[in-house]
Amino acid sequence: MTPRELQRDDIAETGKSKRHSLKIILALGGLATLGSIASTLRILGFIPPPTQGTSNQPLAWPRIKLVNVSAIDSSKPLRFNYPLVDTPNVLLKVGQSAQNGVGPDSDIVAYSNVCQHLGCFYGVLFSGSSPPCNSSYKARGTEGYCCCHGGQFDLVNGAKVIGGPPPRPVPAVMLEYDKNTGDIYAIGMGPPTIFGHGPPGTTDPALVLRHDLEGGELVTEATVFAGTQ
Amino acid sequence: MSLESKIAKWFESRLGLKATVLRPVPEYSFNPFYWLGALTVIAFLMQAFTGLLMLIYYVPATDQAYSSTVYIIKTVPLGWLIETVHLYGAYAMILLASLHMFRGYFVSVQKKPREMMWVTGMLMGLVVLGFGLTGYLLPWTVVSKSATDVSIGMLSFLPAQIGSVLTFLLAGTGSNVAELSRFFDLHIVVLPAGLLVLLALKMYMFEVHGAAEPSTGPKPSKEVPWFPRVYLYFAMIGSVFVAAVLLASALFPVSLSAEFSPQAASGYVPQPEWYFLSLYQVLKFASFEGEGIYYALGGVTVILALFVLLPFIDRGTKRDAASRPFYTTIGLILIAELATLTVWGYFTPGQVIPDLQALVIIVGVALVIAIMTALTYRMRNKMRGLPIGKLGLRFMALPLRHRTITAMFVGLLVIGSVSMAGLVRSLAAGSIGFAAPFLNFIVLVSSFCFMARILRNLTLRQRGTLL
Amino acid sequence: MKVDQEVVKYPVGWVLVILLITIAVYLWLLDLFSMQRVFGVLLASELVVFAMLAYLYSKPSFSKVSKSWFLAGAISVAVFLFLALTLATQ
């Protein structure tokens, strides 16, 4: 080949690689610009603080008087809202010394009424009875039976899961029994967090306090009413 | 085959964009005027993006609208930037849409076969103004709520059947809660849906007809493939536009006026936003007060209808501005009047404008523009072949080349304006005798004549070389 | 010579791309609470730099690139970056 032809070939070759780097330059530039525009979405990382009654006070479990021990009947579970106005719990007298139990016989317990599986409200069964959704099932003791997917909690033994899909027990409401007056107070929630509050299955007490109290209004007085189950 | 060509080929075989949206465009499209519509769409996307981000925090309830807006501006990081970009983006969108329309008007895009594109575009313009109206209310400040109340109040002047239906659609049963709720729904659902449908229609028609050729006649030009030049051109002007809005927002952040309350509003004179100020100014004329508002609204509707139906009114075949002196003059008069009315409205909040003053200013502006345009056309006919845009630019460059004469011209302009102001004042205040207004009138007319003569001599003086 | 002219494009292009990537990365890492105005000015400058890059490559040859427009862009970016620096150190 003549020197001229060689030179032309050279230019063509460098031309091809230059066109290639041109595309890389433009692609990188475009991506960087799009990335910088997308960085405005960083504001989504800003989550407003939870609104509570007064934000000046540090987070603390409210102390709410529920009922007097004389009003609790071992055949009737009572429902009440704690610690927020939209977190229902069930209070019952199981008739035998139970885990988390208070009262003269250590048999008064309260647990969150929201199933840890998918957030349905479970019903309370006493020994031998059947739930309305599954007449072939017979409760072996005092149990919570969730009609949505057949979850079963043993309410005598800390709401342990004894059947069905729930991955963990429902949280217990920490109760306090005043020996002199006979009144029962709700003074906190045990782990894990109530369903729908914070990452599922959180057990760290500080996180449980924070998550259980966010996203709603705190109760200031009990609304206790009798449920049918 | 290289990686990127493989990827490009995959998308091309599935979407076929190179035959439709990404067709080669003619060389003359590399002109910012051809992209005003595209920039309006970019502005709309910017509005949608910032609007969606604000939607996370804004609450459309009368007791929380203002506080949630304040929350966005003061507490949310970058909230002030997003809010300001949304405001300036709205202004930019309305400005760009107007520029796009006027550019189309002056190069006559609405002639066959693009008549329907013009009508669709005008409807889109109305939707954009609707965005401005509905969005303005949402922060629920004294300024915005008062202005909106005035606008809604005008609906009651329409004939009963239309008026009551429209009022119900826009303001519900009349309570603040209903009004805010409806305006919010209009702003985020109804109007965006309407705009997108109209935009799709217009884009489809654009694909069928392509960009309008230059009005001075079709230039034989080669078609340029979309990648890379057209894409880069679009990316370039789009980026500069967004950068300009961002910079303005970062340097001049928005500040809200006080929250709306009847007490606060009672001491405040309502004024609409600048894009409605010209219309509002017309309604402030004395003869349009009370019963007369019908004439005003009727007149405005007629002018708007004429503009919307322009393709069916202007039946000439020529497209370049030089061959359409009448329509070009009308267009320039309209722009001048809109500008005058807006500035005038800004300086006279809440005042009723005396009829004579209104007549003088409107007719005066129209006359000045008409004469200037007529002169330019006379010049132009002596020099064929020069496109009107270039002629206008050289016309504007004249002052720099003839500094003495320019100084004289400006001096005469000042004298003329002062005498005009004196004339108007004396007419508005009732006659304070005959001498003062008469003198003002003489000075005004003479300065006007001298200015016209200067213009004529300037333009005729160096015929071939200067212009 | 024509080849020499075109050769200038590529280093300039690389400089612009590196500037783009640096600003983009910085936008993701800066403290959003204290540097909000800086964010706005930097994002604006990023877009102008991208516009310059697009402009540089949109012309068919380097001789057609209007140096005055390019210089105007470079000066604006310098001003914006200076503005951002002043706001950041306030």
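Just a few scattered comments:
- Nearest-0.05 FRET efficiency for B:Val343 and A:Ser129, computed from C-beta distance (R0 60 Å): 0.10
- Extension gain, B:Gln263 to B:Met154, is 37.0 nm, computed as 0.36 nm per intervening residue step minus the present C-alpha separation.
- Close amide H partners of B:Gln271, meaning residues 5 or more places away or on another chain with modelled amide H under 5 Å apart, are B:Ala147.
- Spatially, region A:67-104 and region B:151-200 are offset by 54 Å when compared through their Cα centroids.
- Distance-filtered residues of region B:200-237 - backbone nitrogen under 14 Å, label point 7 angstrom along B:Leu15 Cα→Cβ: B:226-227, B:231
- Gained length - B:Ser323 relative to B:Cys449, 0.36 nm times residue gap less alpha-carbon distance: 42.6 nm
- Estimated inter-spin distance, B:Phe168 and C:Ile18, nm [label 7 Å along Cα→Cβ]: 6.9
- Only helices enter the 222 nm calculation for the protein assembly as shown: every DSSP H run of n ≥ 4 contributes -39,500 (n - 2.57), and dividing by all residues gives -19000 deg cm²/dmol, rounded to 500.
- Principal-axis tilt of helix C:2-29 within chain C, Cα atoms, nearest 10 degrees: 10
- Cα gyration tensor, region B:297-366 - rounded (a/c under 1.5), prolate or oblate: prolate
- Separation of the B:Ala61 and A:Val85 label points, Cα + 7 Å toward Cβ, nm: 1.1
- Taken one residue at a time, the phi angles of region A:64-74 give Karplus couplings (6.51, -1.76, 1.60, θ = phi - 60°) of 10, 7, 9, 9, 8, 4, 5, 7, 8, 10, 6 Hz. Gly and Pro are set to x.
- With the charge dipole of chain B set up from +1 on Lys and Arg Cβ and -1 on Asp and Glu Cβ about the Cα centre, the Cα lying farthest toward the positive end among the listed residues B:Val127, B:Thr340, B:Tyr58 is that of B:Thr340.
- Counting only whole DSSP H helices of chain B, the ones at least 24 Å long by C-alpha along their axis and with mean Kyte-Doolittle hydropathy no lower than -0.5 are B:36-55, B:79-106, B:115-137, B:191-209, B:231-251, B:325-347, B:355-382, B:403-428, B:435-461.
- Candidates B:Pro437, B:Val242, B:Val230 compared by Cα position along the dipole of chain B: farthest toward the positive end lies B:Val230, with charges placed on Cβ.
- Per-pair calculated FRET efficiency, R0 = 25 Å: B:Tyr71 and B:Leu251 via Cβ, rounded to 0.05: 0.60
- With the simple spin-label model, which puts each label point 7 Å out from Cα in the Cβ direction, the C:Trp69 to A:Leu118 separation comes to 6.0 nm.
- Centre-to-centre separation between the Cα atoms of region B:315-384 and those of region B:241-307: 22 Å.
- Against chain A, whose longest principal axis is taken from its Cα atoms, helix A:3-38 shows a tilt of about 20°.
- For region B:21-178, the square roots of the Cα gyration tensor eigenvalues, ordered a ≥ b ≥ c, give a/c of at least 1.5 with a/b no greater than b/c, which places it in the oblate category.
- Between amide H atoms placed 1.01 Å from N, distances below 5 Å from A:Val67 occur with A:Ile184, all of them 5 or more places distant or on a separate chain.
- Charges were assigned to the Cβ only: +1 to each Lys and Arg, -1 to each Asp and Glu. The resulting dipole of the protein assembly as shown about its Cα centre is roughly 4560 debye.
- Selection from B:Ile42, B:Met93, B:Leu412 lying farthest towards where the dipole of chain B points positive, charges on Cβ: B:Leu412
- The base-10 log of I(q)/I(0) for the protein assembly as shown, evaluated at q = 0.05, 0.06 Å⁻¹, reads -0.45, -0.61 [Debye formula, identical scatterers on Cα atoms, solvent excluded].
- Taking a ≥ b ≥ c as the square roots of the eigenvalues of the alpha-carbon gyration tensor, chain A is classed prolate because a/c is 1.5 or more and a/b outweighs b/c.
No lab work stands behind these numbers, since they all come straight from the coordinates. As the structure is a prediction and not an experimental result, all values here were calculated from the model. Positions of Cβ are generated from backbone atoms using ideal geometry, with glycine treated the same way; all protein chains shown enter the neighbour counts.
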